[in-house]
Amino acid sequence: MQFAIDDVAQGNAIVVELLNAHLIACAQTIGPVTSRYWWRGSINDAREWLFLCKTTPGRVVDVTECIRARHPYETPEIVACDITGGLEAYVDWIVAETRPPANGGESG
């Protein structure tokens, strides 16, 4: 999953919340980057940071909802891409770190 935001501190706060809830196994921050996009009939540009978050298909909806609830944009970039391969041990680690706790509370 990834999301872009113009405030790196706010993006970092979202990531910490996602990590604490075990919704993601890790996140990488790239930026600043320049985003150019259509918005309400005009081409705009913004300086943003891109957060790449590793999770499982079963957690995508929860991650999306968490980001959306805390993101200041009217229509934020929140997209998910399937992991179709990679180092098996790394993919297993993502699964283990994002597994919902058995008791329904936070693990740790």
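Please treat every number below as a calculation from the coordinates, not as lab data. Here the structure is a predicted model, which means the values were calculated and not measured. Because the Cβ atoms are built from the backbone with ideal geometry, glycine has one as well, and the counts that use them run over all protein chains shown.
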Problem set entry | Fully extended contour minus Cα-Cα distance, from C26 to V91, at 0.36 nm per residue | 22.2 nm
Problem set entry | Over the chain, relative contact order from alpha-carbon pairs under 8 Å, at least 6 apart, % | 37 percent
Exercise. Mean shadow of the range 8-69, computed from the convex hull of its alpha carbons, in nm²?
Worked result: 4.9 nm²
For this session: Calculate the spin-label point distance for A9 paired with A46, positioning each point 7 Å from the Cα along the beta-carbon direction, and give it in nanometres.
Result: 1.8 nm
For this session: Counting other Cβ atoms within 10 Å, keep those with at most 11, restrict to DSSP loop, and tell me which GluC sites (Glu not before Pro) in the range 35-108 are left.
Result: E74, E106
Exercise. For log10 I(q)/I(0) by the Debye sum over Cα atoms at q = 0.10 Å⁻¹, the listed values are (i) -0.31; (ii) -0.25; (iii) -0.55; which was obtained by calculation from the structure presented?
Worked result: (i)
Exercise. Per-residue HN-Hα couplings for the range 28-44, Karplus 6.51 cos²θ - 1.76 cosθ + 1.60 at θ = phi - 60°, whole Hz, x for Gly and Pro?
Worked result: 10, 10, 10, x, x, 10, 9, 9, 10, 7, 7, 8, 6, x, 10, 7, 10
